[in-house]
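Working notes for the structure below.
The values are calculated or read from the model by the stated rules, or taken from the named source; none is laboratory data. Source: prediction; values computed, not measured. So basically every Cβ, Gly included, is an ideal-geometry build from the backbone, and we count neighbours across all protein chains shown.
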Amino acid sequence: MKQLFFISLIFISLFFCSCNEEDKTAKEIGEISLALKVNRFDEEFAAATPESLSFLKNKYPYLFPEQYADSVWIAKLNDTIQIELNTEVKKAFPDFDFQKKELTTLFKHIKYYYPEFITPTVITLTSDVNYDNRVILTDSLLLIGLDNYLGENHKFYFGFQGYIAKVLDKKYLVSDVASEFCGTVIPPRKGRTFLDQMIYHGKTLYLKDKIMAFEPEELRITYTPEQLEWAKVNEEDIWRYFVDRDLLYSTDKQLQPRFLAPAPFSKFQLELDNESPGRIGRYIGWQIVRAFMENNEVSVEQMLNIPAEEILKKSNYKPRN
């Protein structure tokens, strides 16, 4: 009984130490000074005239490739589809205040872990619903195609596959920006095995744990709450499936579309397929990296450079349903 008491006491002490450390980190992040500049190019272009076009071209030269004559842009100003895009974006984003606040919080978190990070100027625009390039992050600019965030049931997305339309929602905007940032700091994947790919995505999601600590878990992986719950409940069975079929060190290219690429569901080739969310391999990679960080004294920066096989071996990953 006495031994149990001391074990409980140690657990409670560790819990409060962890909470105190998290509170300290949150306080330090909150104290970071950051002024985010947002330019609503979408609104400026919607209000432009042939006479004011030169002003916009001078202000945003990177949005007007030189090979296109002014006549192209003037035609676009009067194009009925472009006008409808402008109208629908204005309805969904009459202002950008909430998103600006969220992005400011994201960039403060990034600056905490990466002090050299230069806060980009945010440019909002329309992109003819180019959902494969919803956000583009450069050294100094963040371009956001707002017509890709109108909600999964928007008329512009009719005909899209459900799993694609589902992520075209403003609640995933910050997550998309976070993913773009992660792509700039995580070293390219060197190995070709399924494990290499899972751990690469796991590193991205773990880094998002840090820089998106203010958002729910499901938004970090762009799942619904129900999809994330399914992954948690079935985690042990998923892991056993991968291990029993010797998939971890396989270089079979079909494993990527089955378990890692965006898809309506993951393809176990079992009855449960339709219940599963896509990209389940990324979820497992996330949990392995989390286990590794819990069991090893290394920084996030160090972890990002550790090979996948070493991360798995030192993670002591043992999922339990």
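Can you name the number of the only condition in (1) outside any strand (DSSP E or B); (2) in contact (Cβ under 8 Å) with a residue 12 or more places away in the chain; (3) within 28 Å of the chain's Cα centre (by Cα) that T49 fails?
Answer for T49: the failing condition is (3).
Tally time: how many residues in the stretch 104-116 are crowded, with 18+ Cβ neighbours inside 10 Å and touching a Phe, Trp or Tyr at 6+ places or on another chain (Cβ under 9 Å)?
6
For the stretch 118-139, indicate whether the set of residues that are in a loop (DSSP other than H, G, I, E, B), among the hydrophobic types (A, V, I, L, M, F, W, C) and not assigned by TED's automatic domain parsing to the domain that holds T204 is non-empty.
Checked the stretch 118-139: at least one residue is in a loop (DSSP other than H, G, I, E, B), among the hydrophobic types (A, V, I, L, M, F, W, C) and not assigned by TED's automatic domain parsing to the domain that holds T204.
Kindly indicate whether K76 is within 27 Å of the chain's Cα centre (by Cα), in the same structural domain as T124 (by TED's automatic domain parsing) and assigned to a helix (DSSP H, G or I).
no
Go through (1) part of a helix (DSSP H, G or I); (2) surrounded by fewer than 17 Cβ atoms within 10 Å (Cβ to Cβ) and name the single condition K190 misses.
Among (1) part of a helix (DSSP H, G or I); (2) surrounded by fewer than 17 Cβ atoms within 10 Å (Cβ to Cβ), the lone unmet condition for K190 is (1).
Check E215 against each of (1) farther than 20 Å from E275 by Cα; (2) over 25 Å from the mean Cα position of the chain (by Cα) and name the one condition it does not meet.
(2) is the only condition that E215 fails.
So which residues in the stretch 64-73 are loosely packed, with under 15 Cβ neighbours inside 10 Å and touching a helix residue (DSSP H, G or I) at 6+ places or on another chain (Cβ under 9 Å), if there are any at all?
D70
When you go through D252, D246 one by one, which is the residue that is among the charged types (D, E, K, R), at positive phi and surrounded by fewer than 18 Cβ atoms within 10 Å (Cβ to Cβ)?
D246
For the stretch 88-97, check the following and say yes or no: at least one residue is of a type in the set (K, R) and within 21 Å of the chain's Cα centre (by Cα).
no
So that you can scan it fast, the table gives a plain yes or no per residue for (1) surrounded by fewer than 13 Cβ atoms within 10 Å (Cβ to Cβ); (2) at pLDDT 95 or above; (3) small (G, A, S):
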site: C17; (1), (2), (3): yes, no, no
site: F41; (1), (2), (3): no, yes, no
site: T49; (1), (2), (3): yes, yes, no
site: N58; (1), (2), (3): yes, yes, no
site: P61; (1), (2), (3): yes, yes, no
site: A75; (1), (2), (3): yes, yes, yes
site: D79; (1), (2), (3): yes, yes, no
site: V89; (1), (2), (3): no, yes, no
site: F96; (1), (2), (3): no, yes, no
